[in-house]
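Before any comments, here is the structure.
What follows draws every value from the coordinates through simple rules; no lab data is involved. These figures come from a predicted structure and were not determined experimentally. Methodologically, a virtual Cβ is constructed for each residue, glycine included, from the backbone with ideal geometry; neighbour enumeration extends over all protein chains shown.
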Amino acid sequence: MKKSLSWANSLDWFMALLALITALGVLQTFAIGKHYIIPTILLVVTVLLGNLAWYGLTQTNWAKRINFWCGFLLTAHGFFALFWSKKYREILGDQFELICAAVALVFFVVTWMYAKQNRLFTKALTPIPTL
């Protein structure tokens, strides 16, 4: 296993953090909210995010690629929110552009370095033999 806290594992740890947050959401909606359907749906999301984090941290290629595309979508979400978001603009007021641009930039750098360190989009070093 590579160094645990590095660019190569940054999105994997982010997925683990999201899995932890959704697990707390499951406990909150079940124990405090006394709901039964919503925690089940959140539990499915928790298991998916947890598996993506675990298999990403164990350097499984398919999990690394899925985590990259999740990071790409979060970056795109932050970028497009700069132009079309109304709700967050109302909540954050004058600081909206600064905060949203910083979040989009951070996600861009993390996603870029994740793909670069894991060599997700480079050609194979050994050519495939032809017949």
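Against the chain, whose longest principal axis comes from its Cα atoms, helix 10-27 is set at around 30 degrees. To the nearest ten degrees, helix 96-118 and the longest principal axis of the Cα atoms of the chain are 30 degrees apart. By the helix-only formula, in which each DSSP H run with n ≥ 4 contributes -39500 (n - 2.57) and the sum is divided by residues, the chain has a 222 nm mean residue ellipticity of -24000 deg cm²/dmol.
Taken over the chain, lysine pairs spaced eight or more positions apart, or on distinct chains, with alpha carbons under 30 Å apart number 9. Remark: the chain carries a charge dipole of roughly 380 debye about the Cα centre, counting +1 on each Lys and Arg Cβ and -1 on each Asp and Glu Cβ.
Using alpha carbons only, how many degrees (0 to 90, rounded to 10) separate the axis of helix 61-84 from the longest principal axis of the chain? Between helix and principal axis, roughly 50 degrees.
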